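See structure below.
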Amino acid sequence: MCEKHASNVPCPAEGPQGSRRRRVWELSHACHCPLVGVGLPLGGLRKLVEKVTGGKVLHDDYDIHVGTVSECALRTPVADAVQKELERRYAQHVQRFRAAKTTEQVEAMWEAAVAAGDVAGAFWAGLSHPRCTTALEEKMCRDIHMVQHQAGACARADINKFNAVVADNARLEREVARLQERCNLLGQEKALESERHDSQLMAARAATIARDGDVQALRAELARLQASIPELDTRERLAERVAQMEAREQALRAQLAELKAARAPAPVQEADAAPEPIEAVPVAMPVRLENRSVLCVGGRSSSVPIYRNMIERVGAQFAHHDGGLEDSSSQLDASLAAADLVICQTGCISHSAYWRVKDHCKRHGKRCVFVDNPSVSSLVRGLQEAATEETQPG
């Protein structure tokens with residue numbers, strides 16, 4: 001070590017001095033300010049100074065920075081602490097710069113670090129390198145000065161962006177709070193609505209259970225009543241039979257009224273409407289028509305007494321319906337129900353009466369003879385045809 005080193009005076013950087021790396025107090029004073037400012041964070045620098053001084057430093061960050069830069073001009077306890085901290089913190093950068101054997105290589109590695117934005121460790125490793133000349137040292141200080149300007153501009157831009165983000169975040173927080181309040185209100189409304197629906201559902205279920213209980217009670221009462229009435233089905237069938245007998249009785253009463261009316265003297269008929277004489281047509285009726293009810297549907301009204309006389313001559317009961325011309329359709333149903341044999345004169349009835357006669361006879365299996373010509377001779381032939389069909393076997 002030279003005499004100036006012994007007296008804590010740094011030697012001037014006059015060029016390469018072998019392979020020994022330079023210490024922080026051996027650098028030019030112009031390097032100390034950017035080196036301390038870039039290489040050591042403010043918080044770490046304050047702890048370092050407090051550790052060296054053994055007490056809490058009450059100065060602000062600027063005073064600590066200025067004091068440390070002044071201390072680095074000589075080999076002082078603070079300078080030794082800064083030297084050790086830089087070596088510890090940037091050991092990897094120092095190791096990487098050991099590969100540089102010439103000043104040009106050191107400069108190239110420094111420029112690459114500046115381009116990559118990794119300047120703190122490279123600044124210390126390059127300044128302390130044994131091949132760092134005065135010119136390279138000056139260049140590095142100029143570069144780090146511009147880097148600090150750029151970093152300040154970026155920091156200001158980042159601060160502006162940060163402030164904008166903080167403002168936007170505050171706005172979003174207010175919006176989130178408003179939406180959260182709205183969601184809470186909606187949740188409360190939905191909860192009240194759900195409770196109302198639950199109560200309505202419970203009431204509906206209770207009503208359903210009560211109705212089912214009433215239905216079961218009514219079914220049990222019905223079963224008890226049915227069990228208390230013996231032969232209920234038989235009674236229902238008898239009631240239906242009584243209704244049918246009443247309908248037949250009404251039909252018979254109507255036939256009786258017609259018979260009484262037929263006993264009156266027949267009106268004089270015109271020459272062109274004179275009925276055919278009964279005696280002109282031989283009538284051979286079987287005994288099986290005796291005590292049978294024969295219904296004649298249709299025919300001329302003036303011929304009804306002749307039809308009645310002819311039917312009653314063979315021992316049968318006579319009934320007549322005009323086929324819907326004047327008599328009601330309900331009376332036709334009663335007459336059909338009471339008849340054993342139906343003579344339908346198709347030329348003198350309505351279409352509705354024709355289909356009702358045909359349907360009733362088909363459903364009840366009654367004999368029905370259809371006569372096209374409403375004359376006495378046609379009626380006689382119809383009766384003979386019905387008598388012939390009944391006498392045939394099967």
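Derivation of every value follows stated rules applied to the coordinates shown; laboratory data play no part. Please read these numbers as outputs of a predicted model, since none were measured by experiment. Glycine gets a Cβ as well: all are built from the backbone with ideal geometry, and neighbour counts include every protein chain shown.
Can you spot the lysines whose alpha carbon is less than 30 Å from Lys56's alpha carbon? Ignore those fewer than 8 places along the same chain. Hits, sequence-local ones excluded: Lys47, Lys84.
Of all lysines in the structure, those lying under 25 Å Cα to Cα from Lys358, and not within fewer than 8 positions of it along the same chain, are Lys366.
Going by a ≥ b ≥ c, the root eigenvalues of the Cα gyration tensor, does segment 148-264 fall in the rounded group (a/c under 1.5), the prolate group (a/b larger than b/c) or the oblate group? The shape class here is prolate.
By the rule of a C-alpha distance below 21 Å, with chain neighbours fewer than 8 residues away ignored, the lysines paired with Lys139 are Lys101. Where a ≥ b ≥ c are the square roots of the eigenvalues of the C-alpha gyration tensor, would you call segment 65-157 rounded, which needs a/c under 1.5, or, failing that, prolate if a/b is larger than b/c, or oblate? Oblate, since a/c reaches 1.5 and b/c is not below a/b.
Summary of packing: across the peptides 378-384, 361-367, 82-88, the per-residue average of other C-beta atoms within 10 Å ranks them, highest first, as 378-384, 82-88, 361-367. Around the Cα centre of segment 70-211, unit charges on the Cβ atoms of Lys, Arg, Asp and Glu (plus for the first two, minus for the last two) sum to a dipole of about 380 debye.
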